[in-house]
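The values are calculated or read from the model by the stated rules, or taken from the named source; none is laboratory data. Note that the structure is predicted; figures quoted are calculated from it, not measured. Methodologically, a virtual Cβ is constructed for each residue, glycine included, from the backbone with ideal geometry; neighbour enumeration extends over all protein chains shown. What goes into the accessible areas is simple: the full protein's heavy atoms, side chains included, and nothing from ligands, DNA or RNA. Shrake-Rupley method; radii C 1.70, N 1.55, O 1.52, S 1.80 Å.
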Amino acid sequence: MIEKMIEVHTADGTADGYLYQPEASGRWPGVIYYTDIMGIRPANREIAKRIAANGYTVLCPNVFFRTCKPPTFDFKPDFADERTRKRFGELTAPLPPEVMERDGSAYVDFLAKQESVTGGPFGVIGTCFTGSMALRTAAARPDQIAAVASFHGGGLYTDQPTSPHLSLPRVKAQLFFANATHDHMMSAEAIAKLEEVLPAWGGKYHSHTYGAAHGWTVPGSPVYNEREAEAAFAKLMELFSATLTNAATSRASS
């Protein structure tokens, strides 16, 4: 596995991060992997490496670069605690919808320029807070993003005018929503409402609620659920194989 520390220049500054690619020479479909609110850390880097090992070049940017470099927390977070909630606000406030789309476009452009990446299409993964960022990246670059996966994404459907689901009409990607039965950031009611609007959107999608709690896909998390996480990862690989790998193979043979 090849790991590189990288910098992505955006309109608002420089995002640090990592780029992963298989050892073998060649060009691979590109994937952007957005971390959860805890930012880039060993557990996320291992996930990125695992995705890359399946035949992808994976960009893992520090989406919270306006606030800090990793780690995003210098104390053990407890979301029942005011200190943690304040820090959450410091990390997320600089990322309103329009900034998510602008940053997402910068990450797509960076990935497209890498020698280890095929010409597209690309995939995007969002986790927790960044589930909405993955969807907004697909809305900003509909002709380049063919697959979006959201793992325990928060707030994907709300009654606010900035709700992420309202970006669906601009999205052409195939979508995968991996929800949780116990999730304070995406209630069963919100999941049901999201699943009500997806058929009208008209694209391909899969939404499944796994028997787990918010944060269940990240190893080391107190609520990590290996069985459900492995099932969701297998589904992710199916999605990328169908939308990214097959597209790259078809283009190479044409």
Can you give me the relative contact order of the stretch 125-244 as a percent, contacts being Cα pairs under 8 Å and 6 or more apart?
23
Sum of side-chain charges, ARG50 neighbourhood, beta-carbon under 13 Å (Lys, Arg +1; Asp, Glu -1):
-1
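Keeping every protein chain in place, order ILE2, ILE145 by accessible area at 1.4 Å, biggest value first, i.e. largest first.
Ranking ILE2, ILE145 by accessible area, largest first, yields ILE2, ILE145.
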Straight distance only, please: which aspartates and glutamates reach the Cα of LYS204 with their own Cα at less than 18 Å, same-chain residues fewer than 8 apart left out?
ASP143, GLU195, GLU196, GLU238
Cα coordinate range in the stretch 149-194, projected on the principal axes (Å, largest first)
30, 23, 14
Note on the stretch 1-135, DSSP bridge orientation, antiparallel percent to nearest 5 equals 65
Could you pull out the pairs from LYS49/LYS193; LYS113/LYS172; LYS113/LYS193; LYS76/LYS235; LYS193/LYS235; LYS69/LYS235 whose alpha carbons sit more than 28 Å apart here?
LYS49/LYS193; LYS113/LYS193; LYS76/LYS235; LYS69/LYS235
From zero up to wherever the largest Cα-Cα distance of the stretch 1-81 sits, split into 10 Å bins and tell me the percent of pairs in each.
18, 46, 26, 8, 1
Around ALA11, with a cut-off of 9 angstrom between Cβ atoms, what is the net charge of the other residues, counting Lys and Arg +1 and Asp and Glu -1?
-1
Reachable aspartates and glutamates from LYS4, criterion Cα separation under 18 angstrom, eight or more residues apart if same chain
ASP16, GLU23, GLU46, ASP109, GLU115
Determine how large the accessible area of THR209 is when every protein chain is in place; take a 1.4 Å probe and give Å² rounded to the nearest 10.
50
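Relative contact order, percent, of the chain when contacts are C-alpha pairs under 8 Å separated by at least 6 residues?
Rounded, it is 16 percent for the chain.
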Hydrodynamic calc, the stretch 169-234: Kirkwood Rh from Cα pairs, then Stokes-Einstein at 10 °C with viscosity 1.306 mPa s, so D in µm² s⁻¹ is 124
Where only C-alpha atoms are counted, convex hull volume of the chain per residue in Å³
119
Expected-Rg normalisation [2.2 N^0.38 Å, Cα atoms] applied to the stretch 45-193
1.06
Dimensions in Å of the stretch 72-145 - Rg and Dmax from alpha carbons:
15.2, 45
In whole angstrom, how far apart do the alpha carbon centroids of the stretch 32-52 and the stretch 133-174 sit?
20
